[in-house]
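Q: Below are the structure tokens for one structure; questions will follow.
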Amino acid sequence: MVRQPKPGFRSGLDAVFLAAACPAQAGERVLEAGCGAGAASLCLLARVPGVSVTGVEIDAGLAALARENATENDLAAQFTIANADLTASWTELEAAGLFREAYDHVIANPPFFEHGRTRPSKDARNGRARAMAEGGFEDWARFLAAAARPSASATVIHTADALPQILAAFDRRFGALSILPLHPKAGAPAIRVIVSGIKGSRAPASILPGVVLHEADGAPTAAATAILRHGQSLSLRV
């Protein structure tokens, strides 16, 4: 169980799918940028015993809640949370307990919108979770690349219309990209994409067959249920 703030942004399907798409194995180190209350990291820890996860969260209240969630799920020893701004200097980030080129996998579910392109939120925490500065994904990609060890994987989930932005930010940082569209129903345009790449690789990109989330009557598909309810992994490596 993951407790989250009542008002404002709350993690859901995106966090579970992000965790399912991370190819971590026992004994490896994972970094989640913008971990919020810890939903994605805790899902990953529940699915893959033996991994260790470091979450980075700028909001002190959410960072504290992530620590409480880790403790309540008996995962505090495997889940470390750093209350830090990922756009800060590495001197500051290292002081917060983070390390450069140290993680086997890096993952993120960044804010979906840019300031000025969506209605401002009256709640500061919700606004920060929903929107970043224009061109802000470049900062996230830079941080992920700096934290990832050579040949580490990077996996992000975002809105489908952000795909060009993701590809541009990953260019020269992560290669061998696998792009997985998530469709709300069969025949409908994708609403999300999961993009996974390998640091330093120059291999070409691949677009994978999409995952359909709901049947025509709105019920979850068997594929979605396996991930959301039964902890099935989601392989993006071809």
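Q: Which of the residues that make up region 210-238 are open to solvent by 60 Å² or more (accessible area, probe 1.4 Å) and in contact with a Leu (Cβ under 8 Å, 6 or more places away or on another chain)?
A: 220, 228, 238
Q: Inside region 157-188, can you point out the residues that are in a loop (DSSP other than H, G, I, E, B) and either touching a His at 6+ places or on another chain (Cβ under 7 Å) or of a type in the set (A, V, I, L, M) (or both)?
A: First pass over region 157-188, keeping only residues in a loop (DSSP other than H, G, I, E, B): 171-173, 186-188.
Correct list: 186, 188.
Q: Another question, if that's okay. Is there any pair with a first residue in region 47-76 that is within 25 Å of residue 226 (Cα to Cα) and a second that is open to solvent by 40 Å² or more (accessible area, probe 1.4 Å) and in a strand (DSSP E or B) whose Cβ atoms are under 7 Å apart and which are 6 or more apart or on different chains, and what are they?
A: 52/29
Q: Just name the residue that is surrounded by the most Cβ atoms within 10 Å (Cβ to Cβ) out of those in region 73-102 that are within 17 Å of the chain's Cα centre (by Cα) and under 26 Å from residue 1 (Cα atoms).
A: 81
Q: Now, a different point. May I ask you to list the residues in region 63-110 that are more than 17 Å from residue 38 (Cα to Cα) and in contact with an Asp or Glu (Cβ under 6 Å, 6 or more places away or on another chain)?
A: 87, 104
Q: When only residues in region 24-72 that are under 21 Å from residue 150 (Cα atoms) and among the polar types (S, T, N, Q) count, which is surrounded by the most Cβ atoms within 10 Å (Cβ to Cβ)?
A: For region 24-72, the residue satisfying everything is 54.
Q: Yes or no: residue 119 open to solvent by 50 Å² or more (accessible area, probe 1.4 Å) and modelled with pLDDT under 95?
A: yes
The values are calculated or read from the model by the stated rules, or taken from the named source; none is laboratory data. These numbers come from a predicted model, not from an experiment. Note that we place each Cβ from the backbone using ideal geometry, even for glycine, and neighbour counts take in every protein chain shown. Only protein heavy atoms, including side chains, enter the accessible area calculation; ligands, DNA and RNA are left aside. Shrake-Rupley method; radii C 1.70, N 1.55, O 1.52, S 1.80 Å.
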